[in-house]
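A.B. asks: Before anything else, here's the structure in question.
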Amino acid sequence: MRRSEFQRAVDAEFGVRAPFVIGDLILGGVGYRSARQALDEGVAPRDVWLALCAEMDVPESRRHGVGRMDPPRR
């Protein structure tokens, strides 16, 4: 997962709450840091996404493969 995919996934899952979820929520799964801090300190976006999902009880069905752009249609 790229950082841009992480951002799309967060925006899609949390909508207007996304900036607060990324900046204010402390995630035990990434060393008790916010998602923003973890990303800025080099934690892989996928690891941050999964920690965020676990903390926010995002269903398994919405955790994997999100954030990717749809392939162009021919």
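A.B. asks: Of all residues in the stretch 2-28, how many are at negative phi and open to solvent by less than 70 Å² (accessible area, probe 1.4 Å)? Before you say what the answer is, go through the steps one by one.
C.D. replies: Of the stretch 2-28, the ones at negative phi are 2-14, 16-28.
Narrowing further to those that are open to solvent by less than 70 Å² (accessible area, probe 1.4 Å): 4-6, 9-10, 13-14, 18, 21-23, 25, 27-28.
Number satisfying all stated conditions: 14.
Conditions tested, residue by residue: (1) within 10 Å of the chain's Cα centre (by Cα); (2) modelled with pLDDT under 95.
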| residue | (1), (2) |
| --- | --- |
| M1 | yes, yes |
| L25 | no, no |
| G31 | no, no |
| A38 | no, no |
| R74 | no, yes |
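A.B. asks: Restricting to the stretch 1-34, what's the tally of residues that are small (G, A, S), in a helix (DSSP H, G or I) and touching a Gly at 6+ places or on another chain (Cβ under 9 Å)? Break it down stepwise before answering.
C.D. replies: Going through the stretch 1-34, the residues small (G, A, S) turn out to be 4, 9, 12, 15, 18, 23, 28-29, 31, 34.
Checking the rest, the ones that are also in a helix (DSSP H, G or I) come to 4, 9, 12, 15, 18, 23, 28-29.
If we keep only those that are touching a Gly at 6+ places or on another chain (Cβ under 9 Å) as well, we get 4, 9, 12.
Of the residues in that region, 3 qualify.
A.B. asks: Report, by residue number, each residue of the stretch 40-69 that is part of a helix (DSSP H, G or I), modelled with pLDDT of 95 or more and loosely packed, with under 11 Cβ neighbours inside 10 Å.
C.D. replies: D40
A.B. asks: Filter the stretch 7-27 down to residues that are charged (D, E, K, R) and without any contact (Cβ under 8 Å) to a residue 12 or more places away in the chain and give me whichever is farthest from R63 (Cα to Cα).
C.D. replies: So the first thing to find is which residues in the stretch 7-27 are charged (D, E, K, R), and the list is 8, 11, 13, 17, 24.
Add one more test, that the residue is without any contact (Cβ under 8 Å) to a residue 12 or more places away in the chain, and what stays is 11, 17, 24.
On the way: D11: 13, R17: 17, D24: 20 Å.
Among residues in the stretch 7-27 that are charged (D, E, K, R) and without any contact (Cβ under 8 Å) to a residue 12 or more places away in the chain, the one farthest from R63 (Cα to Cα) is D24.
The values are calculated or read from the model by the stated rules, or taken from the named source; none is laboratory data. The model shown is predicted, which means the values in this text are computed figures rather than measured ones. With ideal geometry, Cβ positions are generated from the backbone for all residues, glycine too; neighbour counts draw on all protein chains shown. Each accessible area value is taken on the protein alone, full model and side chains, heavy atoms only, with ligands, DNA and RNA left out. Shrake-Rupley method; radii C 1.70, N 1.55, O 1.52, S 1.80 Å.
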